[in-house]
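Colleague: This is the structure I have questions about; it appears just below.
The values are calculated or read from the model by the stated rules, or taken from the named source; none is laboratory data. The structure presented is a predicted model; accordingly, all values stated were derived computationally and were not measured. Cβ coordinates were reconstructed from backbone atoms using ideal geometry, including for glycine residues, and neighbour counts include every protein chain displayed. Each accessible area value is taken on the protein alone, full model and side chains, heavy atoms only, with ligands, DNA and RNA left out. Shrake-Rupley method; radii C 1.70, N 1.55, O 1.52, S 1.80 Å.
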Amino acid sequence: MSFLNNTYIGNILSAIGSLATGMKVTLCEFFTRKVTECYPENRKTQHIAERHRAILRMPHDEEGKNKCIACGLCQQACPNGTITITTRSVTDEETGKSRKVLAEYRYDLGSCMFCQLCVNACPKGAIEFSNEFENAVFDRSKLIMKLNK
Amino acid sequence: MIDFSSINSTIDSYLHSVLPAQVATLVECAIIAVCAIVAYLAFAIVMIFMERKVCAAFQCRLGPTRVGFWGLLQVFADVFKMLIKEIIDIKNSDWALYTLAPFLVIMSSIITFSCLPFDNGLQVLDFNIGVFFIMAASSFGVLGILLAGWSSNNKFAMIGAIRSGGQMISYELSMSLCILTLVVLSGTMQVSEIVEMQRGGWFIIRGHIPAVIAFIIYLIAGNAETNRAPFDLPEAESELTAGFHTEYSGMGFGFFYVAEFMNMFIIAGIASTLFLGGWTPFYIPGLEGFNEAMEWIPGFVWFLGKTLFVVWLLMWVRWTFPRLRIDQVLVLEWKYLVPIGLLNLLIMTVCVVMGWTL
């Protein structure tokens, strides 16, 4: 049918073809499972995207230890000053040298913009974003939390 | 099949027996007007709800689910919201025309609505030039749109109205050509006769190829007539805020909104009357049991089923294609639909003359 290219009849036929393609796509969409989440009702079964960034967490292992080395890179990376790290020095028993350890990892959810720069900056993978999103509170001071145990 | 004309004549003779002739006619007119307007509003509610649900399904959503069970009360909530909105007086607008315009639009829509044959005898206006009357009545809605755009004293509204005028007058042509094609096939313009003739087989089957082409062109032109996407240039949100009804608030806007939806219902209703057999059931020649079973389904169910199916087709198109540019709209009409429509009319005439119809 190449002789019909760019002719009147050819245009009509190709238009019908392309319109039919579009209508096929939407018809398939009409019958697919709908993506709407009926939120409060489906609390038990809802699916939150794994990479959704809802709140910053610092995972701890069974002994209650975290991987943070208090280097402060996340604090520097944060554009909003959301993270404040306080350190204290301890003396190593074997070498006798003093070194910095984490005293408090303070995170202000209220000013976090979930850019993930802190997580990317961390050399040890000590912090991560979790997808627990039900973080609404009535008092702003409750948004400031201590992440390390 | 219930014959509503016998019920009508019973009511008619009862009224004439208790009232003088002129008063009886007046009372009948009032009853019919109330029935027609109530039915109009009821279908408007159905249409708006259907639009929301179908649109949602095409976009992979669920649509309204919160107001009432399955969102059934959503439309009532919308109407209530619209009713409590302030009606603004526009400075320097032409007050009389500005107020008149929505009523013209809805009036044309209601008149056309009352021509639809819902069932055997369940039809308000039925006379020998019925189809002709439908075309005339539906086309004066454009007057209301032009007035709305002009009297609002707003450039967006003006451009929207001018576009609407150009577009609707153009598409009226190919719509009329399609209707003419069917008139050639049926040989009558009376709506009830056209439906009655389709007892033997729907016109889209009996007219085969030219009828199918006419059906498709009719749906395209009908979509353009109702100012819906992909032909929603008169109210192109991104360019013209809301086009001709930019300045309307409250129920003024509500009338345009309802009229738009009901025009779609009317377009679908006419399509199902002319092409899909109106209220006549679907028959397969030779299958007696099947035909008898089909006969048990009441006529208005058939009519509404067909009409809502055509509405669904229109919505499918509306939520699939992007909006055309104004020159593309006019090119589509004048360079493609009108010549094809004329050719199609010729083919149909040849088919009818040669007896090639089924």
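Colleague: Could you tell me which of the residues A:Asp92, A:Asp139, A:Asp108 is over 19 Å from the mean Cα position of the chain (by Cα) and farther than 30 Å from A:Asn42 by Cβ?
Modeller: Exactly one of A:Asp92, A:Asp139, A:Asp108 is over 19 Å from the mean Cα position of the chain (by Cα) and farther than 30 Å from A:Asn42 by Cβ, namely A:Asp92.
Colleague: Given B:Ala42, B:Ala30, B:Ala77, B:Ala24, which one is free of Cβ contacts under 8 Å to residues at least 60 places away in the same chain, over 25 Å from B:Phe244 (Cβ atoms) and under 22 Å from the mean Cα position of the chain (by Cα)? Walk me through it before giving the result.
Modeller: Working: B:Ala30 fails: under 22 Å from the mean Cα position of the chain (by Cα); B:Ala77 fails: under 22 Å from the mean Cα position of the chain (by Cα); B:Ala24 fails: under 22 Å from the mean Cα position of the chain (by Cα).
The match here is B:Ala42.
Colleague: Filter the range B:109-143 down to residues that are in contact (Cβ under 8 Å) with a residue 60 or more places away in the chain and within 16 Å of B:Ala259 (Cβ to Cβ), then give me how many there are. Before the answer, list the steps.
Modeller: Going through the range B:109-143, the residues in contact (Cβ under 8 Å) with a residue 60 or more places away in the chain turn out to be B:109-110, B:112-124, B:126-131, B:134, B:138, B:141.
Cutting the leftovers down to within 16 Å of B:Ala259 (Cβ to Cβ) gives us B:109-110, B:112-116, B:134, B:138, B:141.
Total satisfying the criteria: 10.
Colleague: Residues being part of a helix (DSSP H, G or I) and surrounded by 19 or more Cβ atoms within 10 Å (Cβ to Cβ): count how many of those fall in the range B:205-229.
Modeller: The qualifying residues number 14.
Colleague: Can you tell me how many residues within the range A:1-54 are away from every other protein chain (no Cβ under 13 Å), out of contact with any helix residue (DSSP H, G or I) (no Cβ under 7 Å at 6 or more places or on another chain) and either in a helix (DSSP H, G or I) or among the charged types (D, E, K, R) (or both)?
Modeller: 8
Colleague: For B:Thr226, indicate whether it is of a type in the set (Ser, Thr, Tyr) and at positive phi.
Modeller: Here the answer is no, as B:Thr226 does not meet what is asked.
Colleague: Let me ask something else. How about the range A:55-149: which strands (runs of 3 or more DSSP E) wholly inside it have at least 3 residues that are free of Cβ contacts under 8 Å to residues at least 40 places away in the same chain?
Modeller: Of the strands (runs of 3 or more DSSP E) lying wholly inside the range A:55-149, those with at least 3 residues that are free of Cβ contacts under 8 Å to residues at least 40 places away in the same chain span A:83-91, A:98-108.
Colleague: Collect the residues in the range B:293-335 that are open to solvent by 50 Å² or more (accessible area, probe 1.4 Å), aromatic (Phe, Trp, Tyr) and within 14 Å of another protein chain (Cβ to nearest Cβ), keeping them in residue-number order.
Modeller: Hits for the range B:293-335 are B:Phe309, B:Trp319, B:Trp334.
Colleague: So, in the range B:103-117, exactly how many residues are of a type in the set (Phe, Trp, Tyr) and buried (at least 20 other Cβ atoms within 10 Å of the Cβ)? Before you say what the answer is, go through the steps one by one.
Modeller: As a first pass, look at the range B:103-117 and keep what is of a type in the set (Phe, Trp, Tyr): B:103, B:113.
Subset that is buried (at least 20 other Cβ atoms within 10 Å of the Cβ): B:113.
Residues meeting the conditions: 1.
Colleague: Any idea which residue in the range B:247-275 is nearest to B:Leu143 (Cα to Cα), counting only those that are crowded, with 22+ Cβ neighbours inside 10 Å and small (Gly, Ala, Ser)?
Modeller: Selected residue: B:Ala259.
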